[in-house]
Amino acid sequence: MVNDNRFEIPAPSSNQDALGASSNQDAFADLAWGDDVAVIPDWIYTDPRIYAREQERIFRGPTWNYVALEAELPAPGDYVRSHVGDVPVIVARDLDGALHVFENRCAHRGAEFCKTYRGNAERFTCPYHQWSYDLTGALVAVPFRRGVQGKGGLPADFDMATNGLRRLAVASRHGVVFASFRDDMPALEDYLGPELTGEIDTIFAGRTVRVLGQHRNLLPVNWKLYQENLKDPYHATLLHTYLTTFGLFVAGNRTAIVVDREGRHSALLNARPQGGPADDETKRDIGSFRAGLKLADPRVLEFVEEFDAPWSSSAMTIWPNLSLLRQLNILNLRQLVPQGPHALLLIWTSFGYESDDDAMTQHRLRQNNIFGPGGFLGIDDNEALKFVQDGLRAAVPRHGLAPLGDDAESPEVVITDRAIRGMYRHYRHAMGL
């Protein structure tokens, strides 16, 4: 009895259509995406067949998925629960210090055996039938393996070595840990591309991270809408009163949008003028600007320069499940965990550095009130994206548009949907649409 604990995605054969085996053609006959990637059909956000295909082709396909920070697992035996798509996984540091990622699903009857968010252990034991696994995911103990009084138990040819937990490939850069169901992945740096690798290095290289806290919130939205929102500079000054009124993102700032060559990842980069935000006359013509608003504690806007970088802030999206933010002195990650076509779990991790003194730590915590599920501007996105999903679910189906800007434009152009179109070119290729 052998259960090979590698996960392989079969390549489509010549008699398969774009969405799967030819026997499934009729099931997808009603779905068609035209030639224009800027015309986005509603069904990619609502159809359960598409959601299932995304789990197979994207999250369990040729992608590196963010799963944890090494700072969350400082000691041998430390572990955290995480996800790759909607699949629960465990990230663990073994007794020799090596990192492992494996599925949180008992190889016996399929129970999700680890229910605590984090901890320290020498092994994991399923509560149902007490099968136990070590910190690498290997099966190490089975109760009554030889039966009782020579009767029952496992077959003589049962191989413990091939019936452990399903293990994933692991890659880490400066303590940011990624995992993949595929063993044939390119190096993480090649997957990210030079621009995104450089932005990660700006935050993490040569620094020891200290996790400040984590919170979770469930949004009634499709996961791709959150990726879109973070690739969309167009809404920033139109939706967010906080950004416009207090000068965090205004048209007068030097800004750029970089997209990797595959269209998967992007970064919205912003350079805050020396001494503070620019006095941008255009913001007075924007509906979100509220001249009379004041902050009870203006320290939340203080900016302590701490990076040798041309950009004072960056908002990165790393396909398919990570947003990494550096804004003022806020440092946080958002892990996207799809929960079906109409729901998304966001796991926010705020962090600083071991070198921070108490004042800097308090400063970072104070500024983190800007983001998060109830943040001064984070809550705007949550509500707006819910409105979008409400429209997609309840209205007569049609399509949405991403027509702004030009794909050949310079990175400095910000009134654009270029990064969204790039994402959906890659998405269509990955999904076979």
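The values are calculated or read from the model by the stated rules, or taken from the named source; none is laboratory data. Computed from a predicted model, the values in this text were never measured in an experiment. Ideal geometry is used to build each Cβ from the backbone, glycine not excepted, and the neighbour counts take in all protein chains shown. All accessible areas refer to the heavy atoms of the entire protein, side chains included, with ligands and DNA or RNA removed. Shrake-Rupley method; radii C 1.70, N 1.55, O 1.52, S 1.80 Å.
A few remarks follow.
- Selection within region 217-237 - modelled with pLDDT under 95 and farther than 16 Å from residue 416 by Cα: 217
- Only one entry in 144, 158 is open to solvent by less than 70 Å² (accessible area, probe 1.4 Å) and either assigned to a loop (DSSP other than H, G, I, E, B) or not charged (D, E, K, R) (or both), namely 158.
- Looking across region 260-284 at every residue that is part of a strand (DSSP E or B), modelled with pLDDT under 95 and out of contact with any Lys or Arg (no Cβ under 7 Å at 6 or more places or on another chain), the one that is most open to solvent (accessible area, probe 1.4 Å) is identified as 268.
- Test result for residue 92, over 14 Å from residue 170 (Cα atoms) and either modelled with pLDDT of 95 or more or part of a helix (DSSP H, G or I) (or both): no
- In region 61-86, of all residues being over 14 Å from the mean Cα position of the chain (by Cα) and assigned to a loop (DSSP other than H, G, I, E, B), the one that is farthest from residue 113 (Cα to Cα) corresponds to 62.
- Matching residues, region 312-362, being of a type in the set (A, V, I, L, M, F, W, C) and within 21 Å of residue 420 (Cβ to Cβ): 315, 316, 318, 319, 322, 324, 325, 336, 344, 346
- Taken over region 172-197, the residue count meeting the criterion of being in a strand (DSSP E or B), surrounded by fewer than 18 Cβ atoms within 10 Å (Cβ to Cβ) and hydrophobic (A, V, I, L, M, F, W, C) is 0.
- Candidate set from region 161-171 (those that are touching a Leu at 6+ places or on another chain (Cβ under 6 Å) and part of a strand (DSSP E or B)); member that is least open to solvent (accessible area, probe 1.4 Å): 171
- Residue count for region 44-73, restricted to those that are open to solvent by 40 Å² or more (accessible area, probe 1.4 Å), in contact (Cβ under 8 Å) with a residue 12 or more places away in the chain and not charged (D, E, K, R): 2
- Residues of region 99-111 satisfying the condition of being open to solvent by less than 60 Å² (accessible area, probe 1.4 Å) and either in a strand (DSSP E or B) or of a type outside the set (Gly, Ala, Ser) (or both): 99, 100, 101, 102, 103, 104, 106
- Restricting 301, 331 to residues that are touching a Phe, Trp or Tyr at 6+ places or on another chain (Cβ under 7 Å) and at pLDDT 90 or above narrows the list to 331.
- Number of residues in region 198-216 that are farther than 28 Å from residue 255 by Cβ, outside any loop (DSSP other than H, G, I, E, B) and either out of contact with any Ser or Thr (no Cβ under 8 Å at 6 or more places or on another chain) or not hydrophobic (A, V, I, L, M, F, W, C) (or both): the value is 5.
- Leading residue by the ranking (least open to solvent (accessible area, probe 1.4 Å)) among those in region 116-125 that are touching a Lys or Arg at 6+ places or on another chain (Cβ under 8 Å) and assigned to a loop (DSSP other than H, G, I, E, B): 116
- Meets criteria (touching a residue at least 40 places away in the same chain (Cβ under 8 Å) and closer than 29 Å to residue 54 by Cα) for residue 340: yes
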